[in-house]
Every structure is written in C-alpha cells, then in structure tokens.
Amino acid sequence: MKTHAQAVVIGGGVIGCSILYHLAKLGWTDVVLLERDELTSGSTWHAAANIHGLHDSTNISRIQHYTMNLYKELEAETGQSCGVFQPGSLYLAQTEEREHQLRLQEAKARLYGMNFHEVSRDEAERLHPLVNFDGIRCIMFEPDGGNVDPSGVTAAYAAGARQRGADIHRFTPVTATEQQADGSWIVRTPNGDIHTPWVVNAAGLWGREVAALAGITLPLLPTEHQYFVTETIVEIAAMDRRLPSVADRDGEYYLRQEGKGLLVGAYEKDVRFWAEDGTPQGFGHELFADDLERIEDNMMRAIDRVPAVGEAGIKRVINGPMIWSPDSNVLLGPVPEKQGYFCCNGIIPGFSQSGGMGQMVAQWIVEGEMQYDMFAWDMARFGDWADAKFTKARVGDQYAHRFKIHFPNEERSAGRPARTRPVYEMQRDMGAVFGLNYGWEHPLYFSKDVPDSAGFTRQPWWDVVGHEARTLRDRAGIIDISNFAKYRVTGPGAEDWLNAVFANRMPRAVGRSCLTPLIGKRGGIAGDATVTRVAEDDFWIISSGMAERYQKRFYDQVRLPAGTRFESLTDTWCGFNVAGPESRALLQRLTNVSLATPDWPFMRSQMIDLAGIAVMALRVSFTGDLGWELHCRAEDQAALYSALLEAGKEVGAVPVGSRALMSLRLEKGYGSWGREYSPEYWPQECGLDRLCTRDKAYLNRDAAMAAMEAAPRERMVVLAINAEDTEASCADATGGEPIFKEGTGIGRVTSGGYGYHVGLSLALGYVKAASPGDEVEVMILGRPHRAMILETPPFDPDGARLRA
C-alpha cells in the first residue's frame with residue numbers, strides 16, 4: 001500500500017467508489033479508497049436502487065439526469081454490467097397539490113431538455129396494465145426511469161477508477177485520521193499509513209464514527225427501512241417487456257418490477273431508529289427481522305392501486321438500515337473548521353445521485369468549486385445547534401413524511417426550537433409565527449388567529465403578511481434581523497485584510513459603509529455583505545445568516561495580518577430593522593442624535609445611544625425604504641424591542657416578519673443570497689459588477705475579471721405577472737418556475753411573491769435573449785402565466801425614498 005496519495009476516500013459503497021472514479025476522471029490518479037470490509041457493505045448492497053431524474057430542486061434534477069445517463073457509459077467504458085433497466089416511471093397525482101408539483105416538474109423538464117411528460121389514462125394503462133388508475137388526476141411518464149443493480153454499479157465505478165490508476169484496498173479499516181501542522185492528514189490502518197492533503201469521508205453507515213476520528217460530529221442517524229418482493233405474478237411472466245415503475249407518492253409507497261414479480265417499499269409513520277449510539281463495527285451484510293405489520297397501511301394502499309400485489313405471495317423481505325441527515329439531503333463539502341477534510345454522508349437516493357454526487361465532490365476538490373450551486377447539500381447548512389435531539393426529531397419527521405410535498409415557504413416543527421433570542425417569548429406572546437433560519441427561530445409574521453400553512457397557492461396568512469408590508473410602506477415597521485450574520489474585524493491590518501477578501505474597496509472614512517460581493521473560485525457570487533467602518537481599525541460585516549459557516553471557508557483563505565482579529569458576533573448581538581416613511585420620526589423619539597439626512601445620509605453608520613442602549617446603527621434597509629439597521633448586545637435586545645414598539649405606537653408602526661420583508665425586497669428588485677446571488681452567477685449577470693473593483697487584488701479576482709470580460713450568459717430581471725392569470729390560479733411564483741418566450745425556454749424564476757404596496761405579482765429571475773418590455777410566460781403551477789419584463793423595479797426605482 002502506498003504511503004502518499006493526493007486523496008484518500010474512506011468507504012467502499014456506491015458513493016465512495018463514484019467519488020474515486022470521478023477524481024481519477026478529472027486527472028487525480030494518485031488516489032486511494034479504503035474499505036473496512038467488502039465493497040458494498042453497509043447499506044449499498046440491499047438498496048432498492050431505483051433511478052429517476054426529476055426533483056423539486058433544479059440542480060439536483062441536473063445531477064440525477066447526469067447519473068441516469070452515466071450508467072450506460074460506465075458499462076461501455078469498463079465492460080462491467082450495471083444491471084440497468086429503464087422501462088420508465090409513471091408518476092401519479094391523487095391530489096390537486098401533487099398535480100401542481102408534477103406539472104411544474106414537467107415544465108422544468110421542457111426547459112432543461114429532460115424527458116418527462118403527461119400521458120393519458122389509456123396510454124398509462126397500456127404501459128402498466130396492472131395499475132388501477134381510478135382517482136388519479138394526472139399521470140406523468142419519465143421514459144428513462146427504472147432501476148440498477150447495486151453491486152454492479154459499485155463494481156463499475158471501482159473498475160473505472162482502477163483503469164485510470166486509482167487504488168482500492170478492501171478489508172482495510174481506518175483506525176485514525178490525524179491532522180498535521182501543515183493541514184495535511186495521516187490516515188492510519190492496520191496495513192500501513194497514508195499521508196494525504198485530502199481525506200474524504202464517504203463511510204455510509206459509519207460516517208459518524210469516521211468523522212469522530214477527526215474530532216468531527218455529524219448530524220446523522222440511521223433508521224430501519226423495509227421493502228418486499230412478491231412471488232412470480234402470472235401477468236408479468238407472460239409479458240415480453242418490463243413494466244415501468246410506479247411513483248404513487250400520495251399513497252406513500254414505491255413499486256417496480258423485480259424479476260417476474262413486484263418490489264414494494266414504504267416509508268411508514270412508525271419510524272424505527274437504529275444504532276443511535278453508533279453503528280456496530282462488525283455490521284456488514286446483515287439485515288433486521290421482518291416487520292411487515294409496521295408498513296401494513298402502506299401495503300394496503302399499494303394493493304388497492306395494484307391488486308396483483310395482494311394476490312401474490314411474498315418471496316422475500318428486506319429490512320435494512322439507512323442513514324439520514326436532519327433534512328434527508330447529503331452532508332457534502334469540506335468541513336469549514338478542518339482543512340482538507342471532505343464529507344459526503346447521509347445519502348438516501350444514492351443510485352439516482354451517485355454519479356452527479358461523485359462529480360461534484362471531484363470538482364470541488366480538484367478545481368476548488370462545483371459547477372452548480374449545491375448549498376442545499378452543503379454540510380455547512382448545519383452547525384453545532386443541530387445536536388442529537390434535533391437530529392433525531394428531524395430524521396423521524398423526514399422518514400415519516402418522505403413522500404410529502406415540500407411546499408414553498410414550508411416550515412416543519414420537528415426538533416424546534418433549537419436556538420432562540422431573548423425576545424422569543426415576547427414575540428410569541430404577540431402572536432409571532434416562527435420560521436427556522438440556521439437554527440434560529442425568527443418571526444415570519446404576527447397573528448394570533450392565522451396559523452402557518454404551506455401550499456403552492458396563496459395561503460390564509462397571505463392577507464396578514466400584506467397588512468404588515470403595506471403598513472411599513474405607509475408608516476413604519478419593526479423587523480427582527482437578529483438572524484443576519486454579524487462579524488467584527490479589528491486591528492492594524494483590518495482594512496488590508498477586508499480589501500484582500502472582498503471585491504469592493506473598503507470605506508476609507510469612519511462612519512461609511514459599502515456593499516460588496518464575495519467572489520467564488522469560478523468568478524461567481526459566493527456572498528454579499530455590508531461592511532461598515534466603525535473606527536479607524538474597527539469594521540463590521542453584515543451578511544447572510546444561513547451562509548455563516550459556508551462563508552467561513554472564504555474568510556479562512558486569506559491570512560489575518562499580525563495583530564488583527566476576526567470574530568463572529570452573530571450569537572452575542574441581535575438586530576432590528578426599522579423602516580418606512582415614519583421610521584426617522586420613530587427613532588428620533590429615542591435618541592438625541594440627529595437622524596436628518598444632512599446629518600445622517602444613506603449608507604452612513606455610527607454607534608449611538610437609543611433609549612439608553614448602546615446601538616450600532618446603519619442607515620440601510622433590505623426593504624428598499626427609508627430605514628436603519630440597529631444592532632445591540634443580546635442582553636439589551638428585549639429592552640430595545642420594547643422601546644421600539646412603544647415609540648412605534650405614536651407613528652402607527654407594527655412588528656413585521658420576514659415574509660413581508662421578502663415581498664418588500666421584491667418590489668425594490670433586491671437580490672438575495674442563495675436565490676439571485678450564488679456562485680453560479682457572474683457579477684455582471686446580477687448587476688453586482690459595479691461593486692467589483694478592478695484596481696486592487698482580492699480573493700478570486702482573476703476569476704471575476706475573466707467572467708466580467710465575457711458576455712453575460714443571462715441577466716437578472718424583474719417580472720410583473722399578469723393579474724388575471726394570478727387571480728385565476730390564486731398563486732404567485734415562488735422560485736424555480738421556468739420562463740418561456742414564444743414557446744422557447746429562456747430562463748427561470750429565482751424568487752417570487754406578491755408586491756402588496758405596488759399591487760403586482762412579482763418575480764425575480766434570470767433570462768437570456770429577452771429585453772425589458774418583452775412579454776413572456778412564467779410556468780406557475782406548471783401552467784403558463786403571462787408576464788412582462790420590467791425596465792425598472794416597481795417601487796422607488798430612483799431611490800428617492802431610500803435616500804430621503
């Protein structure tokens with residue numbers, strides 16, 4: 001066994017072998033995979049191994065589409081069969097909401113050139129004569145859907161990796177991973193040690209244990225999962241073709257052909273956790289005892305839909321473990337606190353995603369960044385707050401609701417609250433309905449009468465949010481922005497360090513602020529921030545709260561000068577945004593400092609006394625209106641909030657939640673990180689090129705310059721959706737909807753909602769080959785809604801209110 005390697009992959013399941021294959025495919029051939037037992041041990045070997053291309057997330061759809069197409073290429077390349085069966089997949093909608101979901105996916109398939117379309121009942125019955133389609137509102141067909149052989153796919157990845165020079169060592173357990181002073185690692189095994197700059201944890205069921213060797217805790221928990229295979233079914237045995245699989249997610253089961261019978265699997269409500277304290281080291285190819293009574297309700301729904309299931313005997317039952325993250329997405333990416341340690345753990349639909357997942361990991365390690373924005377998979381979306389209690393509650397919820405639709409704006413209550421601010425109980429007593437943002441509870445809206453709900457159409461809280469938004473525009477609103485990330489950089493090298501990190505030039509005068517992008521490895525927008533110079537050697541950074549751990553990777557790439565300190569204030573400081581035409585009058589009641597524009601212009605800041613409380617105040621607002629951000633120590637939050645609410649009574653101000661804030665920023669055309677701003681988008685495509693200084697060095701400057709010298713591939717635009725169409729559907733865009741022009745796909749929505757002040761259904765999105773004034777179609781609920789690309793944002797396009 002070699003003693004040095006470019007990367008060491010730990011885990012010989014389908015994901016580990018895919019990562020090894022894709023590393024070698026990108027030119028890293030001095031790579032090693034270590035497997036404690038035989039390849040496929042753990043959860044790979046007993047997987048149902050279904051494959052499908054479409055997903056609610058556009059980028060996950062792209063990854064799954066790549067994976068489905070890769071298997072045939074792997075077979076041709078390696079000579080190893082992947083056992084690919086692609087008779088297609090039928091997707092059934094029993095409910096209106098499921099129909100909305102499927103029609104939206106069909107529209108996305110048209111935009112991205114994927115094969116997914118509606119079929120009639122007659123055609124569906126021809127494709128699968130054993131299915132009873134009574135009660136089905138809509139049927140979609142994916143011709144490339146099907147299943148693969150788990151062992152064959154894993155062997156093919158392994159063969160392809162070996163052919164390119166990679167090494168695989170079976171029966172070689174990892175006993176230690178030790179980080180060296182230079183950030184590299186020594187991976188220890190009974191068969192020898194390997195020195196490497198990259199450790200990749202793809203250990204599947206043992207992901208927690210392997211992570212713990214490096215002092216890392218991962219929010220993962222295994223559960224049992226069952227499926228069964230029937231005896232031969234006469235009708236299937238008589239056929240000369242393979243039947244398509246059936247995705248009847250409203251019935252909470254999956255079904256496909258296996259041999260001459262059928263395979264039926266279910267995610268039941270009665271979740272059974274396993275190995276909560278750690279996966280046994282001796283576990284490998286074992287299964288659990290059958291417990292079909294636990295999935296009896298799901299089985300009966302499957303029998304109602306496909307009566308042949310109930311008429312056939314059961315040939316075998318598979319009850320094996322799966323390991324889950326709190327949101328059922330993979331934990332992927334370099335650990336921000338551990339240089340050179342990469343995680344890829346907690347994968348559920350492994351055979352639909354294995355190829356694309358391996359490709360993304362290889363791109364990140366070899367090239368420094370993935371081609372797609374995959375924050376939904378990034379392990380940095382969780383922090384220490386995702387403890388064992390939170391993880392168990394969320395995993396239980398995810399398993400039991402595996403096939404439940406993930407609606408726009410949906411908030412699930414399991415495991416909450418995880419983290420709260422001092423005013424949490426006060427806000428709750430005021431009627432706050434809370435959402436989750438990087439573990440923090442934050443108000444979505446305020447109402448004692450309207451509980452939260454989720455769906456594709458306008459919900460009962462729509463009017464409540466509208467009242468908050470209109471009140472802020474007419475008078476004033478008080479928004480809790482404590483979930484924003486806050487940092488402080490101090491010391492003699494603070495300005496130089498910030499200039500070396502961010503694309504814009506840092507403010508030179510005390511009390512001035514600037515907006516600035518953070519640039520990714522490929523020249524895209526990895527983040528956006530407001531940086532304020534509080535004193536000569538004292539700066540504040542305000543940025544996206546959910547991106548705090550993600551953006552740490554970028555900050556750590558630039559060494560701090562001697563005597564300079566970087567610290568996060570997110571946990572210890574809180575914040576409010578007071579905005580609207582009466583915001584100045586409200587705040588002036590609480591301070592002797594003049595807030596008049598000549599004394600305090602837009603984008604200025606200072607430390608002031610507000611109601612006897614020390615506050616860092618910035619004249620800026622994500623609402624696009626006149627306003628101030630006010631940041632105080634956590635112990636002062638309750639007193640400041642009480643003072644703001646009391647003073648607000650005199651001007652008619654109300655507490656405002658984040659859903660109204662999202663509406664207000666749409667009216668102003670403001671982009672948001674994770675939606676309009678991401679590493680996929682170049683600065684000039686989202687209007688941030690003016691904030692990228694060309695005459696200084698900064699992180700990934702060359703990539704930004706190269707990107708900005710190229711013609712934009714597409715541009716961010718504001719769209720107004722036709723009122724008649726939105727009123728007829730009672731729905732607004734939310735994000736992800738395709739945009740068509742004269743039948744041709746030209747882009748997609750990144751954010752959407754209703755602009756209550758301007759009275760328009762609005763969307764932000766990216767389009768190509770289109771200009772302001774053009775009429776387009778936005779596929780809300782998967783159906784065309786007429787829209788127009790606006791020349792300017794509908795609210796305060798000249799910034800008069802903002803700077804008043």
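Overall shape of the range 1-143 was characterised from the C-alpha gyration tensor. The equivalent ellipsoid obtained from it has semi-axes of 38, 17, 14 Å, in decreasing order. For the range 161-257, which chymotrypsin sites (Phe, Trp or Tyr not before Pro) are in a loop by DSSP, counting at most 14 other Cβ atoms within 10 Å? Hits after loop and neighbour filter: PHE171.
The trypsin sites (Lys or Arg not before Pro) of the range 606-658 include none that meets both conditions, a loop assignment by DSSP and at most 13 other Cβ atoms within 10 Å of the site Cβ.
The residues of the range 646-804 expose, per residue, 40 Å² of accessible area to a 1.4 Å probe. Note on the chain: with charges restricted to the Cβ of Lys and Arg (+1) and Asp and Glu (-1), its dipole about the Cα centre is near 1580 debye. Measuring with a 1.4 Å probe in the full set of protein chains, what accessible area per residue, in whole Å², belongs to the range 145-197? Roughly 39 Å² per residue, with all protein chains present.
Over 27 Å apart at the Cα level, from the set LYS668/LYS741; LYS448/LYS486; LYS269/LYS389; LYS108/LYS486, are LYS448/LYS486; LYS108/LYS486. Straight-distance candidates among the lysines for linking to LYS260, with alpha-carbon spacing under 25 Å and chain neighbours fewer than 8 residues away dropped: LYS72, LYS315. Extents of the range 86-161, taken as max minus min of Cα coordinates on every principal axis and listed largest first, are 46, 32, 19 Å. Straight-line reach from LYS552: taking Cα to Cα under 16 Å and skipping same-chain neighbours fewer than 8 places apart, the aspartates and glutamates in range are GLU337, GLU369, ASP378, ASP384, ASP528, GLU567, ASP571. Rounded, prolate or oblate: which one fits the range 334-402, using the alpha carbon gyration tensor with axes a ≥ b ≥ c (rounded when a/c is under 1.5, else prolate when a/b beats b/c, else oblate)? Cα axes put the range 334-402 in the oblate bin. When the Cα atoms of the range 1-45 are aligned to their principal axes, the ranges along those axes come out at 28, 22, 10 Å in descending order. What share of all Cα pairs of the range 466-549, in percent, falls into each consecutive 10 Å distance bin? Values per bin, smallest distances first: 16, 40, 28, 14, 2. Positive-end ranking of TRP385, ILE303, TYR550 along the dipole of the chain, with charges on Cβ about the Cα centre, is headed by TYR550.
The slack between ASP134 and GLN371, meaning 0.36 nm per residue of separation minus the straight C-alpha distance, is 81.0 nm. Three principal axis extents of the range 157-282 based on alpha-carbon atoms, in descending order, are 64, 41, 25 Å. Would you mind getting me the FRET efficiency between LYS389 and GLU286? Use the beta-carbon distance for r and R0 = 45 Å, nearest 0.05. So, using R0 = 45 Å, E works out to roughly 0.95. Its residue count N fixes a reference of 2.2 N^0.38 Å for the range 252-404, and the Cα radius of gyration divided by that reference is 1.24.
In straight-distance terms, cross-link reach from LYS696 covers every one of the lysines whose alpha-carbon lies under 21 Å from its own, apart from those fewer than eight places away in the same chain; here that gives LYS521. A DSSP coil position with no more than 15 other Cβ atoms inside 10 Å describes the following GluC sites (Glu not before Pro) in the range 525-622: GLU536. The helix-based estimate of mean residue ellipticity at 222 nm for the chain, built from -39,500 (n - 2.57) per DSSP H run of four or more residues and divided by its residue count, is -7500 deg cm²/dmol to the nearest 500.
Gyration tensor over the Cα atoms of the range 329-471: the corresponding equivalent ellipsoid has semi-axes (square roots of 5 times the eigenvalues, largest first) of 33, 18, 16 Å.
Percent of Cα-Cα pairs per 10 Å bin, from 0 to the last occupied bin, for the chain, please list those. Per 10 Å bin, starting at zero, the Cα-Cα P(r) for the chain comes out as 2, 13, 22, 25, 21, 12, 5, 1, 0 percent. Highest mean packing comes first when the peptides 24-30, 655-661 are listed by Cβ atoms within 10 Å, giving 655-661, 24-30. The Rg/Rh ratio for the range 617-751, using Cα coordinates for both the radius of gyration and the Kirkwood hydrodynamic radius, is 1.06. The charge dipole of the range 1-118, taken about the Cα centre with unit charges on the Cβ atoms of Lys, Arg (+1) and Asp, Glu (-1), comes to about 260 debye, rounded to the nearest 20. Counting protein heavy atoms only, the chain has 48 percent of its accessible area on carbon and sulfur, 1.4 angstrom probe. Evaluated with a Cβ-only charge set (Lys, Arg +1; Asp, Glu -1), the range 190-286 carries a dipole of roughly 300 debye about its Cα centre, given to the nearest 20.
The values are calculated or read from the model by the stated rules, or taken from the named source; none is laboratory data. If you're wondering where the values come from, they're calculated on a predicted model, not measured in any experiment. So basically every Cβ, Gly included, is an ideal-geometry build from the backbone, and we count neighbours across all protein chains shown. Calculation scope for accessible area: heavy atoms of the full protein, side chains included, ligands and nucleic acids excluded. Shrake-Rupley method; radii C 1.70, N 1.55, O 1.52, S 1.80 Å.
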